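Engineer: Questions regarding the structure given below will be posed in turn.
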Amino acid sequence: MASSSSSGITFKLHPLVIVNISDHYTRLKAQTLHSGESSSCAPPSNGGTAGSAPPAPPRVFGCVIGVQRGRTVEIFNSFELLFDSNTHTLDRAFLEKKQELYKKVFPTFYILGWYSTGSDVEETDMLIHRSLMDINENPIYVLLNPAIIHSQKDLPISIYETELHVIDGNPQLIFVKSSYNIETVEAERISVDHVAHLKPSDGGSAATQLSAHLTGIHSAIKMLNSRVRVLHQYLVAMQRGEIPLDNSLLRQVLSLLRRLPAIESEKFQDEFLMEFNDTLLMTYLAMFTNCTGTMNDVVEKFNIAYDRHSRRGGRTAFI
């Protein structure tokens, strides 16, 4: 496998593809672990031992679809495929059926390639890749690494192309890694934000959710601050003459700075104060509602206790 691609194609990857692949792997892993626990609870047979380790979750496979405009490939969506682990082939009938269904809903989308999971490209991946070349003469391969690496800052996903290289005098197709950019639309940003703020499965409280939300905001602000510091240090060094002048970068910085006064306008302040006051009003209303409900519970408990006392002493109820 070569280090990087030289095709010059620009890849744009949408978050929906990453979410779909991750969901596919998570579901299959949960099913595998569940079946492993069920088999470990069963009595051993044929001399086997009980309580053996559950099998490792198998790899998942699917197709990625999108559009290609010139030298730009945009990957919008994906769907799952059936894979035969014995022959290392995909279910072609199932693939054609899914392709026909997706063409009815997304007539402009085409099969761009396929996806799988794993830490690196395997030898059998080229067989699957070649089987899709009659649909797309130059398919792409999207690989998601499901392993959790805390020190890794980049997304655990890679995009591979194929190039024809001469190895030991024989022309061979090999996988080469390509760079990509994350492209999002408004609907995807809302969905990703919703997934990020889902309630934990272990029944976490609202305080836990708020803490996770604030931690995410703090991390984003911290990263923004670090990037602004790097940019500021670079401009200071450029002003001192320590590094050569870069007019292209200066134009980008100027374009960024021109956006800043837009948030200091009177219209922005009016809308911001209106939103802020509405938020405070909703907070106060929720607080009053909570206090009223608590007082109502106290009064009801007091009336019940006072009513029992009045029946013994002949007094009337408090309320």
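The values are calculated or read from the model by the stated rules, or taken from the named source; none is laboratory data. Predicted, not measured: the structure shown is a model, and the values here were computed from it. Cβ atoms come from the backbone with ideal geometry, glycine included; neighbour counts cover every protein chain shown.
Engineer: Whether any residue in region 127-137 is within 19 Å of residue 161 (Cβ to Cβ) and β-branched (Val, Ile, Thr) is what I want to check.
Structural biologist: Among the residues of region 127-137, at least one is within 19 Å of residue 161 (Cβ to Cβ) and β-branched (Val, Ile, Thr), which makes the answer yes.
Engineer: What's the total number of residues in region 110-132 that are surrounded by 15 or more Cβ atoms within 10 Å (Cβ to Cβ) and of a type in the set (S, T, N, Q)?
Structural biologist: Residues meeting the conditions: 3.
Engineer: Among the residues of region 29-45, is any modelled with pLDDT of 85 or more and in contact with a Pro (Cβ under 6 Å, 6 or more places away or on another chain)?
Structural biologist: Applying the first criterion (modelled with pLDDT of 85 or more) to region 29-45 yields 29.
In the following step, the residues that additionally are in contact with a Pro (Cβ under 6 Å, 6 or more places away or on another chain) were identified as 29.
Among the residues of region 29-45, at least one is modelled with pLDDT of 85 or more and in contact with a Pro (Cβ under 6 Å, 6 or more places away or on another chain), which makes the answer yes.
Engineer: On the basis of being over 32 Å from the mean Cα position of the chain (by Cα), surrounded by 10 or more Cβ atoms within 10 Å (Cβ to Cβ), within 30 Å of residue 227 (Cα to Cα) and aliphatic (A, V, I, L, M), does residue 281 make the cut?
Structural biologist: The answer is no for residue 281.
Engineer: Could you check region 207-257 and list, in sequence order, the residues that are within 18 Å of residue 192 (Cα to Cα) and among the β-branched types (Val, Ile, Thr)?
Structural biologist: Within region 207-257, 215, 217 qualify.
Engineer: Here is a follow-up. Can you report the number of residues in region 231-250 which are surrounded by fewer than 10 Cβ atoms within 10 Å (Cβ to Cβ) and outside any loop (DSSP other than H, G, I, E, B)?
Structural biologist: Number of matching residues: 3.
Engineer: Output the number of residues of region 89-109 satisfying the condition of being outside any helix (DSSP H, G or I), modelled with pLDDT under 90 and surrounded by 15 or more Cβ atoms within 10 Å (Cβ to Cβ).
Structural biologist: 1
Engineer: Restricting attention to region 72-105, which residues are under 26 Å from the mean Cα position of the chain (by Cα) and among the charged types (D, E, K, R)?
Structural biologist: 74, 80, 98, 103, listed by residue number.
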